[in-house]
1. List the trypsin sites (Lys or Arg not before Pro) within region 122-181 that DSSP assigns to loop and that have no more than 10 neighbouring Cβ atoms inside 10 Å.
2. Can you list the HN-Hα couplings for region 64-80, worked out from phi with the Karplus curve (6.51, -1.76, 1.60; θ = phi - 60°), rounded to whole Hz and with x for Gly and Pro?
3. Over region 47-182, give the accessible area per residue in Å² for a 1.4 Å probe, as an integer.
4. For region 4-71, which whole percent of the accessible surface, found with a 1.4 angstrom probe, sits on carbon and sulfur atoms?
5. Using a cut-off of 13 Å between alpha-carbon atoms, which aspartates and glutamates can reach LYS172, once sequence neighbours fewer than 8 places away in the same chain are excluded?
6. Could you pull out the GluC sites (Glu not before Pro) across region 1-100 that fall in loop regions by DSSP (anything but H, G, I, E, B) with no more than 15 other Cβ atoms inside 10 Å?
7. For GLY115, what residues show an amide H to amide H distance below 5 Å, using hydrogens built from the backbone and excluding near sequence neighbours?
8. Rounded to two decimals, what is Rg over Rh for region 129-214 when you use alpha-carbon atoms and the Kirkwood radius?
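The values are calculated or read from the model by the stated rules, or taken from the named source; none is laboratory data. Computed from a prediction, not measured in an experiment: that's the story for all the values here. Glycine also receives a Cβ, built like all others from the backbone with ideal geometry; neighbour counts cover every protein chain displayed. Accessible surface is based on the protein model in full, side chains and every heavy atom, while ligands, DNA and RNA are left aside. Shrake-Rupley method; radii C 1.70, N 1.55, O 1.52, S 1.80 Å.
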Amino acid sequence: MKQPKYPLAKDTIDNDDKKALAGWILTGERLTMGRLTREFEQKWSQWLGRKHSVFCNSGSSANLLMYAALMESGRLRNGKVIVPSVGWVTTIAPVMQLRGFKAPIMCEADSDTFGLDLNHLEDLLKKNHPATVMMVQVLGVPNKMEEILQLKDRYGFYLLEDSCAAGGSSYKNKKVGTFGDMSSFSSYFEHQFSTIEGGLVSTDDRALYNLMLM
């Protein structure tokens, strides 16, 4: 079989990384939610350009955290959520898992970005008046964010931004993950940066940040 010119994923953890990890474990530092975690959250927020970040065990859990925090905030006018037709199962699964939401409303994909189709999105907004829209920045390709934010202003929904496969991408010199009310990232080994397993949620909203911590 011919090898692909650009492999979709490869293991980026080498022997030096493994030795460093083994050495760190032997220092006796706390294994989870310790000093390094807090330092990483702060540095990530500074690099991304957001006020707060919460580190968790995966990008999947990061998506669940976003939905749960929004549901617990008491801000939603209804449980309707528009979700993308192109994404990962854990982009949509929390809508079905959490009782505060109704069945997800699927939005067609844009042929240029693989993200939300703007015409279908506006039709769904007019028809359903959802309180929440979930979007995915697919494989590092940003959605048409200027238009989506215009729709956000017009229809007044909360925007959740799944950026798990797009860390480091930007749209008009603004980093992906800074457009939504909350944004998720994955640091699983196959993504743009790795903590072996892991994920993050970033936001500028202090109240939502505190809910995610809880």
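1. Details: sites: LYS126, LYS127, LYS144, LYS152, ARG154, LYS172, LYS174, LYS175; in loops: LYS144, LYS172.
Loop-located and lightly packed - LYS172.
2. Once θ is set to phi - 60°, the couplings for region 64-80 become 4, 4, 4, 4, 5, 5, 5, 5, 6, 5, x, 8, 6, 7, 7, x, 7 Hz.
3. Values: 6130 Å² over 136 residues.
Value for region 47-182: 45 Å² per residue.
4. Numbers: 2700 of 4600 Å².
Carbon and sulfur together cover 59 percent of it.
5. Excluding near neighbours in sequence, the set is GLU146, GLU147.
6. Numbers: sites: GLU29, GLU39, GLU41, GLU72; in loops: GLU29.
Those that pass, being in a loop and sparsely packed, are GLU29.
7. Amide H neighbours of GLY115, under 5 Å, 5+ apart: ASP110.
8. Details: Rg = 13.2 Å, Rh = 13.5 Å.
Here Rg/Rh amounts to 0.98.
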